[in-house]
Amino acid sequence: MSTVRENESARKTFAELYEEYLPRVYRYINYRINDTQITEDLTSTVFEKALTNFGKYSKDKASFSTWIFSISRNVVIDYYRAQGRRQTVSLDETTELASRDLSPEEELLKKEEREKLQVYLMKLPQDEQEIIRLKFGAELNNRQIARMLGLSESNIGTRLYRSIRKLRDVFQESENG
Amino acid sequence: MAREKDEEREFIENIERLLAGEEVTVGREKSEDYRTAFDFARKLTESRSDPSPVFKQQLKDRLLLRLTEREMEVRQKVKFGSIWEFLANLVPRSPVWRTAAATLVIVLVTVGVLWRTGMFTREAGLEELARESEQEIMTAAPEAGLKAFEGVVEEEIEAAEAEEEEAPLLSVAMSEVIEVNQTQTVDGVAITLERVELFATESVVFAFNRPPDYTMPQDPESLPPSLQGLIASAQYSIDGGPVIDTGPSEIHFLESGMQHIFRIREIISEDAVELTFIITGLGELHGPWEYIISLQE
């Protein structure tokens, strides 16, 4: 009987965590890989890994956010390693990608803007890129980001503010130029 | 400086509110720099994409199906235990019946053993062996046989229950041990990094040091002054990524010296190539004792 109750409890907990974290994991990955199909595949991989290892997860050691986004980061890293190429996308390439997209006009514009943002984001140093992805994609708070990246919480705040301004400047320059 | 810090803090708070779905307006009293930066943050938020409802539902169904499969595997193991329990209960509690059951079990086991050894296929020696078995059965205490039978049953049930307990619905065992055995010496203090054990969700690093005049403390609660505060601290980096603190070491006092145990509380990717592990301090001593560990050997 206890097994049945435990199963129900594990199922319920996992379902709740899935509802809460799926959009965040998806957005975080999509910030790094602006391709819907690959984002879906990698998001699936993250949750399958989380399901497999859920029994070993201990909330005393790390929050669920920290744990699942550590898995997400590694899944993306593994993906790029398997691809055997650097994580770079040229603006021409993204425009080409966008032009092949057959979604409605608004969706297309949004996608184009996202692609541009991704290209400009890659012009920032790696750690600043990651802070932006973890903040806007994963929606982690500064303490959680600090823990993941091994930096202090106040440092994250400073870097985030600076990175957003830098990204804004790069974006504006390219729009005007 | 203080004003900049306040502005930075307010900016971050506003972003948190924005991400929480609140309507945030930035007053005109804010600088142009602040306002445009916040507008850009808004753009970053709005440009995010959400998973499609179809994908969301399909993945959920797939994961729940997998969860169900795992639950069924666990139940199968429990059922196996229940069958043995059922068989044990089939034997009535009367001493006569129990003696008979024990004798029957011994006969069956003996016949089974003989069958397996191929004795039934060789006529020569069969009679002799049968006689020996019979002798054993006759001389063996029936109660002992019954206890052996019950022992087997209990063991099977315990094993199934233990397996159920130890195999959480979703578990993964240690995947690899990397023997390192590298010794680094700084200011005459040698620390040996012995090994790294990789688990599914974290890794554990074992280091060893023998302080001068070390003797194994009898009572770890009341350490001699020379061993007090000898906690080590360390940092690591995977493939040149961010440098992360492990926190203080756990200490095991061995006969030969002190074993320091550090935990890397993240999953090391299977494709990770190199772990740089730096013991930054040991008590009041400062390192670094640095070790480069190949993860692909």
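The values are calculated or read from the model by the stated rules, or taken from the named source; none is laboratory data. What you see is a predicted model; the values in this text were computed from it and never measured. So basically every Cβ, Gly included, is an ideal-geometry build from the backbone, and we count neighbours across all protein chains shown. To get the accessible areas, we keep the full protein, side chains included, count just its heavy atoms, and leave off ligands, DNA and RNA. Shrake-Rupley method; radii C 1.70, N 1.55, O 1.52, S 1.80 Å.
Distance between the modelled labels on B:V113 and A:E19, one decimal in nanometres: 6.1 nm (7 Å Cα→Cβ projection). When all protein chains stay in place and ligands, DNA and RNA are ignored, the 1.4 Å accessible-area order of B:I278, A:I156, largest first, is B:I278, A:I156. Per-residue 3J(HN,Hα) values for region A:16-24, derived from phi via the Karplus relation 6.51 cos²θ - 1.76 cosθ + 1.60 with θ = phi - 60°, read 5, 5, 4, 4, 6, 9, 3, x, 6 Hz in sequence order (x marks Gly and Pro).
Only protein heavy atoms count here; under a 1.4 Å probe, A:E16 has an accessible surface of about 100 Å².
Rounded to the nearest Hz, the phi-derived 3J(HN,Hα) couplings of region B:16-28 under the Karplus curve 6.51 cos²θ - 1.76 cosθ + 1.60 (θ = phi - 60°) are 4, 5, 4, 5, 7, x, 7, 7, 10, 10, 9, x, 5, where x marks glycine and proline.
Quick one: go through region B:37-70 and flag any residue whose amide nitrogen is under 20 Å from the point 7 Å out along the Cα-to-Cβ line of A:E113. Taking a point 7 Å out along Cα→Cβ of A:E113, the residues of region B:37-70 whose backbone N falls under 20 Å are B:37-52.
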